[in-house]
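Trainee: Here it is, the structure in full.
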Amino acid sequence: MVPGQPPDTRERLVRAAWDLLGEGGPGAVTLRGVGARVGLSRSAPYRHFTDKDALLRAVAARAFLVMRDRMRAAADGARDTPSALRAVLLAYIDFAGEAPEHYRLMFGEWVVTQKKAEGATGGPLHEAAVALFDECAGMVASGQREGAFRAGDPGDLALLTWSTVHGLVTFAGTGHLDAKDRAARAEVERLVGEVVKGLLARSAG
């Protein structure tokens, strides 16, 4: 899409699918439905997407990139890498809370199947998911170079960190954190701080 130019038809369809997903989950997204929402004929969406899965792949890829951009923005201005990582993890949690249907689509079994469907060399969905993970692993590696984070494979440490935060998202989304005396948000922030502490090098702790 060219800045300052109106979105093309494919872009309009993806935007409509994004909105429908947020309103009613994957079941609410149909090619006819997105076509109707943007004022196109029933057959028009099929010129851009072969089927519903192809349309949802485009939405999921966008969600990964939107999350990555939000995490990058959250890290801007942080005083050091541990603080940046804390801000990034909170941005991840915030996205999950604000767009739960998109988050479930991104990290459900469907995405694994769809990435395989893109072929051995991958496609836009695979690339977007890898870009998000690389952002996390790159931050860990940066902290290691600075001496702030402990040694270890940055990919492994990023995966463990991500898995922990994913668990927090699940607990927060199902209300389990509300069982604590303090508010769920305060509890999330405290626990994210503990996650970051677990990465610190001893000299930095």
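The values are calculated or read from the model by the stated rules, or taken from the named source; none is laboratory data. These numbers were taken from a predicted model, which means no experiment stands behind them. Because the Cβ atoms are built from the backbone with ideal geometry, glycine has one as well, and the counts that use them run over all protein chains shown. For accessibility, only protein heavy atoms count, side chains too; no ligands or nucleic acids. Shrake-Rupley method; radii C 1.70, N 1.55, O 1.52, S 1.80 Å.
Trainee: Hey, does segment 137-148 have a residue that's surrounded by 15 or more Cβ atoms within 10 Å (Cβ to Cβ), more than 28 Å from A61 (Cα to Cα) and in contact with a Pro (Cβ under 8 Å, 6 or more places away or on another chain)?
Mentor: There is at least one residue in segment 137-148 that is surrounded by 15 or more Cβ atoms within 10 Å (Cβ to Cβ), more than 28 Å from A61 (Cα to Cα) and in contact with a Pro (Cβ under 8 Å, 6 or more places away or on another chain).
Trainee: Right, something else. Taking segment 18-32 as the region of interest, how many residues are over 17 Å from the mean Cα position of the chain (by Cα) and either open to solvent by 50 Å² or more (accessible area, probe 1.4 Å) or within 12 Å of A54 (Cα to Cα) (or both)?
Mentor: Total meeting the criteria: 6.
Trainee: I'd like to check something: does segment 158-181 contain any residue that is modelled with pLDDT of 95 or more, closer than 14 Å to V195 by Cα, open to solvent by 20 Å² or more (accessible area, probe 1.4 Å) and not in a helix (DSSP H, G or I)?
Mentor: no
Trainee: Could I ask something else about it? Restrict the check to segment 102-112 and report whether at least one residue is more than 21 Å from L160 (Cα to Cα), modelled with pLDDT under 95, surrounded by fewer than 20 Cβ atoms within 10 Å (Cβ to Cβ) and β-branched (V, I, T).
Mentor: No, segment 102-112 contains no residue that is more than 21 Å from L160 (Cα to Cα), modelled with pLDDT under 95, surrounded by fewer than 20 Cβ atoms within 10 Å (Cβ to Cβ) and β-branched (V, I, T).
Trainee: Can you name the residue in segment 145-176 that is more than 21 Å from M67 (Cβ to Cβ) and touching a residue at least 40 places away in the same chain (Cβ under 8 Å) and is also nearest to the chain's Cα centre (by Cα) among such residues?
Mentor: That would be F149.
Trainee: Then there's this: Restricting attention to segment 44-80, which residues are of a type in the set (G, A, S), part of a helix (DSSP H, G or I) and either modelled with pLDDT under 95 or more than 11 Å from the chain's Cα centre (by Cα) (or both)? Let's see the steps before the verdict.
Mentor: Start the filter on segment 44-80 by keeping residues that are of a type in the set (G, A, S), which leaves 44, 54, 58, 60-61, 63, 73-75, 77-78.
Those left that are additionally part of a helix (DSSP H, G or I): 44, 54, 58, 60-61, 63, 73-75.
Selection gives A44, A54, A58, A73, A74, A75.
Trainee: Still on this structure, please answer the following. Among the candidates A44, A75, single out the residue that is surrounded by 15 or more Cβ atoms within 10 Å (Cβ to Cβ) and within 27 Å of V195 (Cα to Cα).
Mentor: A75
Trainee: Within segment 76-88, does at least one residue satisfy the condition of being under 16 Å from A131 (Cβ atoms), touching a helix residue (DSSP H, G or I) at 6+ places or on another chain (Cβ under 7 Å) and touching a residue at least 60 places away in the same chain (Cβ under 8 Å)?
Mentor: no
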